[in-house]
Amino acid sequence: QVQLQESGSGLVKPSQTLSLTCTVSGGSISSGSYSWSWIRQSPGKGLEWIGYIWHSGTTYYNPSLKSRVTLSVDKSKNQFSLEVQSVTAADTAVYYCAREPNGNNRDVFDIWGQGRMVTVSP
Amino acid sequence: DIQMTQSPSTLSASVGDRVTITCRASQSISSWLAWYQQKPGKAPKLLIYEASRLESGVASRFSGRGSGTEFTLTISSLQPDDFATYYCQQYDSYRTFGPGTTVEVK
């Protein structure tokens, strides 16, 4: 079955760039039937959708984060990635990657990674 | 932006109880609502989508109702494994989660 796994630095200094990668196993990221999302969870703001990307590279971002966020996809590695620029303590959170099926009115997050804790601190 | 609210924020219940959680959207989202269950240290798990459709493999004691701006998640007979936090999420416009409802042991 499809599994997702986040990886990347767990500690980032303020004003620097947070970078995470999600590796998809058991299925192809190139399937046109899915989009691939990032979601974060912090004690202060709960669950927050960051954005999603299709295998074509088309992206949609949360308007509140759009100016600082970049998603990308590497089909050769079956991975997609997140960058958040100019981080502050408010970006400290558990970051999840998730799969979203497209169509059949089921555009929800049906498979999640285990989550990666990222702390922003000097 | 579509805002989501949930009530109550915490619910104390016993095994066997019927439990209902309410989720409200700041504007109509038709039936584009999902419910998730989350346990400490784990990722959320999809329970229901399109307001009332049960995700494959999810116990039938979970049910969802509603449309427009008001939705409910009901657990017909609470089981020990059901003590967790529950989130609603709209997918009508972008994606927004509710603040969560924690179901705790009474």
Any chance the range B:31-47 includes a residue that's within 20 Å of B:ASP1 (Cβ to Cβ), open to solvent by 50 Å² or more (accessible area, probe 1.4 Å) and either away from every other protein chain (no Cβ under 14 Å) or modelled with pLDDT under 95 (or both)?
no
Scanning the range A:13-24 for residues that are open to solvent by less than 50 Å² (accessible area, probe 1.4 Å) and either more than 18 Å from A:THR70 (Cα to Cα) or not β-branched (Val, Ile, Thr) (or both) gives A:LEU18, A:LEU20, A:CYS22, A:VAL24
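In the range A:76-99, which residue that is among the hydrophobic types (A, V, I, L, M, F, W, C) and open to solvent by 30 Å² or more (accessible area, probe 1.4 Å) is nearest to A:GLN3 (Cα to Cα)?
Start the filter on the range A:76-99 by keeping residues that are among the hydrophobic types (A, V, I, L, M, F, W, C), which leaves A:80, A:82, A:84, A:87, A:89-90, A:93-94, A:97-98.
Still in the list and also open to solvent by 30 Å² or more (accessible area, probe 1.4 Å): A:89-90, A:94.
Values: A:ALA89: 30, A:ALA90: 29, A:VAL94: 18 Å.
Among residues in the range A:76-99 that are among the hydrophobic types (A, V, I, L, M, F, W, C) and open to solvent by 30 Å² or more (accessible area, probe 1.4 Å), the one nearest to A:GLN3 (Cα to Cα) is A:VAL94.
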Filtering the range B:55-84 down to residues that are in contact with a Gly (Cβ under 8 Å, 6 or more places away or on another chain) and open to solvent by 30 Å² or more (accessible area, probe 1.4 Å), which residue is nearest to B:ALA25 (Cα to Cα)?
B:THR72
Checklist (1) at positive phi; (2) under 14 Å from the mean Cα position of the chain (by Cα); (3) facing chain A (nearest Cβ under 10 Å) applied to B:GLN89, failing item:
(1)
Filter the range A:31-75 for residues that are farther than 22 Å from A:GLN16 by Cα, surrounded by fewer than 21 Cβ atoms within 10 Å (Cβ to Cβ) and among the β-branched types (Val, Ile, Thr) and give the result.
A:THR58, A:THR59
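The values are calculated or read from the model by the stated rules, or taken from the named source; none is laboratory data. Quick caveat: nothing in here was measured; it's all calculated off a predicted structure. Glycine gets a Cβ as well: all are built from the backbone with ideal geometry, and neighbour counts include every protein chain shown. Side chains are part of the model used for accessible areas, which takes the heavy atoms of the whole protein and leaves out ligands, DNA and RNA. Shrake-Rupley method; radii C 1.70, N 1.55, O 1.52, S 1.80 Å.
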